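Here's the structure we're looking at; comments come further down.
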Amino acid sequence: MELDMETTAASIGVSVAVLRFLLCFVATIPVSFLWRFVPGRLPKHVYSAFSGVLLSYLSFGVSSNLLFLLPMLLGYAAMVLYRPKCGIITFFLSFGYLIGCHVYYMSGDAWKEGGIDATGALMVLTLKVISCAINYNDGLLKEEDLREAQKKNRLIKLPSLIEYLGYCLFCGSHFAGPVFEMKDYLEWTEGKGIWAHSDKGPSPSPYGATLRAIVQAVICMAVYLYLVPYHPLSRFSEPIYQEWGFWRRLSFQYMSGFTARWKYYFIWSISEASIIISGLGFSGWTESSPPKPKWDRAKNVDILGVELAKSSVVLPLVWNIQVSTWLRHYVYERLITKGKKPGFFQLLATQTVSAVWHGLYPGYMLFFVQSALMIAGSRVIYRWEQAIPTNMGLVKKALVFINFAYTLMVLNYSAVGFLVLNLPESLALYGSVYYIGTVVPITLILLSYIIPAKPARSKARKEQ
């Protein structure tokens, strides 16, 4: 069996560990499908937990489940023992544990060399454990003091241990997300909320949406396998890269980021299929007539939305969508002082948390600091565009195009740090294109103080 796996892995150009992970990862689709036929609430929770444990064992070995056990127990203990502060306690304990694992395993190096370990799954688990504790903490607060997301997701009652384990280890999202809320998991398991029988008809069929996600995954993997031989990361360290001129280097950086994204598109498409076929991916009905089912809860990326983004501001809404939502609800919004507007501090703090969540490599830090600058610069261009009077349509369209080109350039420039990870190489590659993706956003931010955007007033208002 091992020999067969070695032969198969060699034929597709991956390690045995990665092949084993991919097989288990794809297996989450049929395993999630079988969840639909498990009778009763308790058996469903047991099935969710057991299937996650089993697939983790088959993919990563016994040690992976031991790795997951500590943060789950710490989070649950905090909820049981000290509810008033269980959210903040769990946040720091879970992130501290994750950081320790990042330092010990240094997974980024393994991933670059084609290896795999359980820290990716631990990253997803960390967000689940924290959100569950924070939402249980929110259950103590007055409803009028809560934001809409807090009202929707807060937990009044402590979940049982088996409910908690089922939520944390549900195989459909265990390996690569998407992250979802404990309250949604409980309502789905119990057939309540949007999963209850309604006048809009019986529970919607997931099979069409699942097939679409699987087809998308196959296309994404095909695109990645086609592009990666032409744009390998090793090219950055080859003499030929240094021989290229500025535009050739910049275009190669763009294509490197573009190529790498298709790997993530594949992973998230498989996760989407797994969540949809289980039924958990259902997120309500459209307002059309007749109403159609929506499956947004499973969606983690909008491929065209990323590649054709008109502004950097929309990227968190279309890339790693559920993690971006988690960061907005559990970091960004909770750093806003009541009665005040959010600013660059909230944005930078959120991006820093995201960087630490990914790992402690300098390349991650550079990427997410760059992301904060990129978004801030894009907002400047957008405000200038909004300040242009409607009768200057050509100028407005030019600024829209500039924002689009700016987003593409800075995103793929910034992604170099995310891909190569180490500090000297990241800085050298940024320097090879004269730090253009850093200089331009900072210049825009500074220009916003010299050329402030004033809202355009209509002619009618001027006459008044």
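The values are calculated or read from the model by the stated rules, or taken from the named source; none is laboratory data. Keep in mind the model is a prediction, meaning the values are calculated, not measured. Virtual Cβ from ideal backbone geometry, glycine too; neighbours counted across all protein chains shown. All accessible areas refer to the heavy atoms of the entire protein, side chains included, with ligands and DNA or RNA removed. Shrake-Rupley method; radii C 1.70, N 1.55, O 1.52, S 1.80 Å.
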Reachable aspartates and glutamates, given that their alpha-carbon falls under 14 Å from the alpha-carbon of residue 294 and they are not under 8 places away in the same chain
272
For 365, 123, the accessible-area ranking with a 1.4 Å probe, largest leading, is 365, 123
Computed helical MRE - 222 nm, the chain, DSSP H runs ≥ 4 contributing -39500 (n - 2.57), nearest 500
-22000 deg cm²/dmol
Per 10 Å bin, what is the whole-percent P(r) computed from every C-alpha pair distance within the stretch 1-101?
13, 29, 32, 20, 5, 1
Whole-angstrom Cα spans of the stretch 272-361 along principal axes, big to small:
45, 36, 28
For the stretch 151-156, take each phi angle, set θ = phi - 60°, evaluate the Karplus expression 6.51 cos²θ - 1.76 cosθ + 1.60, and give the result in whole Hz per residue in order, putting x for glycine and proline.
4, 5, 9, 5, 10, 7
I'd like the accessible area for residue 15, computed on protein heavy atoms only with a 1.4 Å probe and all protein chains in place. Round to 10 Å², please.
40 Å²
Of the listed links 192/299; 341/397; 85/152; 152/192; 44/183, those spanning more than 18 angstrom between alpha carbons are 192/299; 341/397; 85/152
Amide H of residue 301 versus every other amide H placed in the peptide plane: which residues, excluding those fewer than 5 positions away on the same chain, fall under 5 Å?
321
In nm, what is the difference between 0.36 nm times the number of residues separating residue 157 and residue 328 and their Cα-Cα distance?
59.1 nm
To the nearest 10 square angstrom, what accessible area does residue 402 show with a 1.4 Å probe?
90 Å²
Starting from the Cα-Cα distance between residue 149 and residue 336, subtract it from 0.36 nm times their residue separation and give me the gain in nm to one decimal.
65.9 nm
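List the relative contact order of the stretch 344-464 as a percent without decimals, with contacts defined as Cα pairs under 8 Å and 6+ residues apart.
Worked out over the stretch 344-464, it gives 33 percent.
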Largest first, what is the accessible-area ranking of 409, 72 with a 1.4 Å probe?
409, 72
Over the heavy atoms of residue 435, what accessible area does a 1.4 Å probe trace out, to the nearest 10 Å²?
100 Å²
What is the Cα centroid distance between the stretch 301-324 and the stretch 118-192, reported in whole angstrom?
24 Å
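Given a 1.4 Å probe, how much area per residue of the chain is accessible, in Å²?
Averaged over the residues of the chain, the accessible area is 49 Å².
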Report the longest stretch of the chain that contains none of the GluC sites (Glu not before Pro) sitting in a DSSP loop with at most 10 other Cβ atoms within 10 Å.
288-464
Just want to confirm a number: the relative contact order over the chain, from Cα pairs under 8 angstrom separated by 6+ residues, in percent.
15 percent
Rank these residues by their accessible area, most exposed first, probe 1.4 Å: 138, 302, 117, 145.
145, 302, 117, 138
Which label belongs to the value computed from this structure, given these candidates for Cα extents along the principal axes in Å: (i) 82, 55, 46; (ii) 73, 49, 40; (iii) 66, 65, 47?
(iii)
Please go through the stretch 310-361 and write out the trypsin sites (Lys or Arg not before Pro) that DSSP classes as loop and that have at most 13 other C-beta atoms within 10 Å.
338, 340
FRET efficiency for residue 450 and residue 26, Cβ-Cβ distance as r, R0 = 60 Å, nearest 0.05?
0.65
